[in-house]
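**Q** First, the structure itself, so that you have it in front of you.
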Amino acid sequence: MENNFNTILTDTSKAKFSKPQVMSNLLFDKWRQYIYESCGIFYQDNKKYLLESRLIKRINYLGLNSFEDYLAYIRDSSNELKEKKYLYEAITINETFFFRNQPQLDALVNTIIPEIMAKQDKNSKTKIRIWSAASSSGEEAYSIAISLVDLVLPKYPNLEFEVIGTDINFAVVETAKKGIYREYSIRNTPAYYLKKYFNVNGNTFEVKPEIKQYASFRVMNLYDSASMRTMYNYDVIFCANILIYFDLKSKIKVVTQLYNTLNKGGYLFIGYSETLHNISKAFKVISFPKTIGYKKE
């Protein structure tokens, strides 16, 4: 079927959903297979309505007539690469805030960094690489950087570190690069850190350059094996609340690639509600106060 998508884009008045349309089960299967093959996210049978609600705004914006039209549009080779980033924005959830998982940060500061530094020559520079693998709008990556600047660097003057944040959602990566947040994002941030590491302007809070210099951000799909091969030699990976979107096959694929990305002795942290049970036996489970980590031995 041929579609004149340029015409569709230039005349958005032609079609808007006056009422939410219902996706047929057959079309739902096609959509979830496309999404699964693209990024590993799998929509269960009972999530059809959720997928419909996520796609409608984009369909209306493009002036398309139906879910079927949008699938044909995104599969068109001239649109696919660009449109995928908007699809990923629509189907991903980006609920996060600063210092969301304090026990993991405590484990990093109090145990993991000292463990790494104990193996190094005290007179030589040591660089630690940390990956926030589902960084959303950057709060986790900046929380890591603040913790290390404030609590670790004074103890280890020869330590250098970098935090790399990645996410599949282009829009939130751009937000992370700017480092400007509202009250919702900083609601769990200690007042001491707000005063020391943020520039406050009304109800906006901007991360200061002295913290931004340690963090960089880029768009990345964890399900893309080629992209994952560009990530290597990391000491710690934070990958919270992403495995819940994958089926078992996708989880195994992603976790295996995360394992390969870590240095020997490196650690992986995942979300509170997530587990590597039945996914990977390669890691050693390490208990920390109020949290656990997965160590590559």
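**Q** Calculate, for the chain, the solvent-accessible area per residue in square angstrom, rolling a 1.4 angstrom probe over the heavy atoms of the protein chains.
**A** Working: 15290 Å² over 297 residues.
So the chain comes to 51 Å² accessible per residue, rounded to a whole number.
**Q** Also, quick follow-up: With loop defined by DSSP as not H, G, I, E or B, and exposure as at most 13 other Cβ atoms within 10 Å, which is the longest segment of the chain clear of exposed trypsin sites (Lys or Arg not before Pro)? Spell out each step's value before the answer.
**A** On the way: sites that count: LYS14, LYS16, LYS119, LYS122, LYS125, LYS155, ARG187, ARG229, LYS281, LYS290.
Longest run free of exposed loop sites: 17-118.
**Q** List the GluC sites (Glu not before Pro) in segment 58-113 that DSSP assigns to loop (not H, G, I, E or B) and whose Cβ has at most 16 other Cβ atoms within 10 Å. Which are they? Don't skip to the answer; put the middle values down first.
**A** On the way: sites: GLU68, GLU80, GLU83, GLU89, GLU95; in loops: GLU95.
When the GluC sites (Glu not before Pro) of segment 58-113 are filtered for loop state and at most 16 Cβ neighbours within 10 Å, GLU95 remain.
**Q** Gain in length, SER78 to GLU95, computed as 0.36 nm per residue apart minus the alpha-carbon separation, to one decimal in nm?
**A** Details: separation 17, 0.36 × 17 = 6.12 nm, distance 3.20 nm.
Between SER78 and GLU95, full extension yields an extra 2.9 nm.
**Q** Follow-up. Considering only DSSP states other than H, G, I, E and B, which chymotrypsin sites (Phe, Trp or Tyr not before Pro) in segment 114-201 qualify as loop sites with at most 16 other Cβ atoms within 10 Å? The partial results should precede the final answer.
**A** Values: sites: TRP131, TYR142, PHE161, PHE170, TYR181, TYR184, TYR192, TYR193, TYR197, PHE198; in loops: TYR184.
Passing sites in segment 114-201 are TYR184.
**Q** Rank SER53, VAL109, SER66 by how far each Cα sits towards the positive end of the charge dipole of segment 49-178 (+1 on Lys, Arg Cβ; -1 on Asp, Glu Cβ) and give me just the farthest.
**A** VAL109
**Q** Something else about it: Once each part is reduced to its C-alpha centroid, what is the distance from segment 210-275 to segment 78-129 in angstrom?
**A** Taking the Cα centre of each part, segment 210-275 and segment 78-129 sit 8 Å apart.
**Q** So what's the convex hull volume per residue for the Cα atoms of segment 250-296, in Å³? Intermediate results must be reported in sequence, preceding the final value.
**A** Values: hull volume 3.3 nm³, N = 47.
Convex hull volume per residue, Cα atoms: 70 Å³.
**Q** Quick one: dipole size for the chain, taken about the Cα centre, charges +1 on Lys/Arg Cβ and -1 on Asp/Glu Cβ, in debye to the nearest 20.
**A** Values: 40 positive and 31 negative charges, 107 e Å.
Rounded to the nearest 20 debye, it is 520 debye.
**Q** Quick check on the chain: of the DSSP beta bridges with both residues there, what percent are antiparallel, nearest 5%? Working shown, then result.
**A** On the way: 16 of 36 bridges.
Taking every DSSP beta bridge with both residues in the chain, the antiparallel ones total about 45 percent.
**Q** Let's see if you can work this out: charge +1 on each Lys and Arg Cβ, -1 on each Asp and Glu Cβ, no other charges. What is the dipole magnitude of segment 196-297 about its Cα centre, in debye to the nearest 20? The partial results should precede the final answer.
**A** Numbers: 14 positive and 7 negative charges, 50 e Å.
For this selection, approximately 240 debye.
**Q** While we're looking at this one, here's another question. Using a probe of 1.4 angstrom, how much of the accessible area of the chain is carbon and sulfur, in percent? Show your work: numbers first, answer last.
**A** On the way: 7610 of 15290 Å².
Answer for the chain: carbon and sulfur cover 50 percent of the accessible area.
**Q** Now a separate question. With a ≥ b ≥ c taken as the square roots of the eigenvalues of the C-alpha gyration tensor of segment 40-83, please select rounded if a/c is under 1.5 and otherwise prolate if a/b is larger than b/c or oblate if it is not?
**A** Numbers: a/c = 2.32, a/b = 1.42, b/c = 1.64.
It comes out oblate by the Cα gyration axes.
**Q** Still on this structure: Put one equal scatterer on each alpha carbon of segment 36-164, apply the Debye formula with no solvent term, and list log10 I(q)/I(0) at q = 0.09, 0.10, 0.11 1/Å to two decimals.
**A** Taking Cα atoms of segment 36-164 as identical point scatterers yields -0.46, -0.54, -0.60.
**Q** So for the chain, averaging the separation of alpha carbon pairs under 8 Å that are six or more residues apart and normalising by length, what relative contact order in percent results? Could the numbers behind the result be given before it?
**A** Working: 444 pairs, mean separation 49.8, N = 297.
So the answer I get is 17 percent.
**Q** Using the structure shown, list the pairs from LYS30/LYS264; LYS82/LYS127; LYS122/LYS284; LYS119/LYS195 with a Cα-Cα distance above 31 Å, or answer none.
**A** Details: LYS30/LYS264 41 Å; LYS82/LYS127 36 Å; LYS122/LYS284 28 Å; LYS119/LYS195 35 Å.
Too far apart for the 31 Å limit: LYS30/LYS264; LYS82/LYS127; LYS119/LYS195.
The values are calculated or read from the model by the stated rules, or taken from the named source; none is laboratory data. Not measured: the values here are computed from a predicted model. Neighbour counts run over all protein chains shown; Cβ positions are idealised from the backbone, glycine included. With ligands, DNA and RNA removed, areas are computed over all heavy atoms of the protein, side chains included. Shrake-Rupley method; radii C 1.70, N 1.55, O 1.52, S 1.80 Å.
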